[in-house]
Structures are given as C-alpha cells and as structure tokens.
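Here the structure is laid out as structure tokens; the discussion comes afterwards.
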C-alpha cells in the first residue's frame, strides 16, 4: 500500500515510518526542515521537503505519491515546556493542526486517497469528576480555561473535518500523553530535566489521572488504522494513573530526587491559571475500542515498564 505521512520527522513520525516499511508499505513523508531529508530516507521513506501551509506544493507532493492512505502527524510544539508561554506556543501548534490539516485533506481528496488517519488527543475530555474513564463518545472540554480551550476547539474542528469529509474514510487517533524518544518525557527531554531539578511537582492532591502512550505504540496504532473501521479511537496504555503515583516512579526511573508537592493555588501564578486548572482536572481514557476494533494493543502496556525501559536505553 502507498502511504503518505505528513509530519514524518516528528516524534511519532520517526517511529511510524520504519513500522510502515517493515509491514511492506511504500512510504512518502514530509518534513519542513531540509536537514531531516536524509533522516527520512534512512528510515525508508521517500522524503518530501514541504511546508503544509504551502497548499499548491503539498497538493503536488501528494499527487506524485498517489497514496491510498494519508497519515497526519502534524505538531509544532516547542522543545521546552513552560506554562506561562503556552498561549504563544499553542498558537503555532493550533495553526499547523487547523490549516495544515485542511490543506492535507484537500490534497488527499484531489489525489484520490481512500483514507485519512489523523492525530487527536485523549487528554482533553471535559472533566466529570466521577472517577470513570472517558470513552470516545464523551465531549471534549471546549470551554476549558485558556489557552487550553482554544487548543481543544481547534482539535475538535480538525476531527470534524477529518470525519465528515464525504470523499475520505476518516480515522482520528486520540493519543495519550506521549513519552519516549523525541518527547518531553524522554530521558533527555524537558520534563525529565525539570524532574531532575525538582521543578516538576505533584500538583494539588495529586489525584488528576494521566493516560500515557509510548511513541512506538502511537505509531503502531497508525499502522493498524490503515485498514478497518473509520471513526475515533482512544490510543492510550492500559494503566491510567494519578499524578501522585506516576510522577514519583518516573523520577525514580530517571534516578532523580523525589518530586516536591505544590498546592494548585500556588502553582497558578507561576505556570498560568489555565494550564494548571487543566492539569488538576485530567481524567483517564479507556482504550477498549482501539483494542477490540483496530486489533491494536500497546507493547508498553504500562508507563511503569515504559519509563524504565527508556531510561535504561539512554
């Protein structure tokens, strides 16, 4: 099968391309940075240096590749995570997701692609406070405090565009918090550095529940989504966990000091009211639909083993 990957040099894209090639697919992949062209070729893809904001060039690239399936892995997040700068940082990320996805849908449709698989997020469900995991039919938190609310609404628009295009089979993979090589939670990533310096505390009571996902498992889900039913799928590991549980174990895997604790009211002036309110309200997601319908299951079933494996491999 011919597959076109938009965002091939990102954290998931770099893990996705080898899996696609190993499965026998013919892969073309984009990067905005010419320096990454060699990397994509080494991973096994035909590299395409193209900015997804350049709609005519993107349309030409997709037409030349003539893919059956287009996979969207577009993000523009910074290497350093800072709560106070999230509004500016998310503006760039929102733009690439919104405008980039629209351009990609138009290019896929014009090239005669059958299916479009797009990245979503399983960490933006509207909080319920009842302790249950979120399923795919639960609403996203569109009125979340800013700048999170704008990001959620942007993602909702992206999902609607992917799922409602009559010419394409739309699949949205709502990823959990990504960890592994190339992410903030990698042993050489920004969160890891903050944890080592004891600058990444357990917030409030620590009861907010996080759903994690290793980038290898995110890539495997995209491979599984090439065929099978269209629709929305939570792609998260099997063990959603409160911050008070996972953060000390993450620090231990990094051989870092135990994290401090910080009341939510004290964190808001430092990191921003919106980001902290969101982090304090996180609730886990249920991955049963992806497991049962896509036939996908995470190789890293728990962040516990995944954190340790990544730390040992550095």
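Listed values, structure above:
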read-out: Odd one out for residue 196, checked against (1) out of contact with any strand residue (DSSP E or B) (no Cβ under 9 Å at 6 or more places or on another chain); (2) surrounded by 20 or more Cβ atoms within 10 Å (Cβ to Cβ); value: (2)
read-out: Residue among 97, 109, 102 that is at pLDDT below 95, closer than 30 Å to residue 1 by Cβ and not in a loop (DSSP other than H, G, I, E, B); value: 97
read-out: Single condition residue 229 does not satisfy, out of (1) outside any loop (DSSP other than H, G, I, E, B); (2) closer than 24 Å to residue 160 by Cα; value: (1)
read-out: Subset tally (residues that are free of Cβ contacts under 8 Å to residues at least 40 places away in the same chain, touching a strand residue (DSSP E or B) at 6+ places or on another chain (Cβ under 7 Å) and outside any strand (DSSP E or B)) for region 1-29; value: 3
read-out: Region 153-192, subset without any contact (Cβ under 8 Å) to a residue 60 or more places away in the chain, assigned to a helix (DSSP H, G or I) and more than 16 Å from residue 211 (Cβ to Cβ), residue nearest to the chain's Cα centre (by Cα); value: 156
read-out: Residue within region 237-250 that is under 19 Å from the mean Cα position of the chain (by Cα), at positive phi and at pLDDT 95 or above present; value: no
read-out: Residues (without any contact (Cβ under 8 Å) to a residue 24 or more places away in the chain, in contact with a helix residue (DSSP H, G or I) (Cβ under 8 Å, 6 or more places away or on another chain), farther than 19 Å from residue 158 by Cα and not in a strand (DSSP E or B)) located in region 30-74; value: 50
read-out: Condition met for residue 262 (under 21 Å from residue 176 (Cβ atoms) and touching a strand residue (DSSP E or B) at 6+ places or on another chain (Cβ under 7 Å)); value: no
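The values are calculated or read from the model by the stated rules, or taken from the named source; none is laboratory data. Just so it is clear, the model here is predicted, and its values are computed rather than measured. For neighbour counting, all protein chains shown are included, and Cβ atoms are generated from backbone atoms with ideal geometry for every residue, glycine included.
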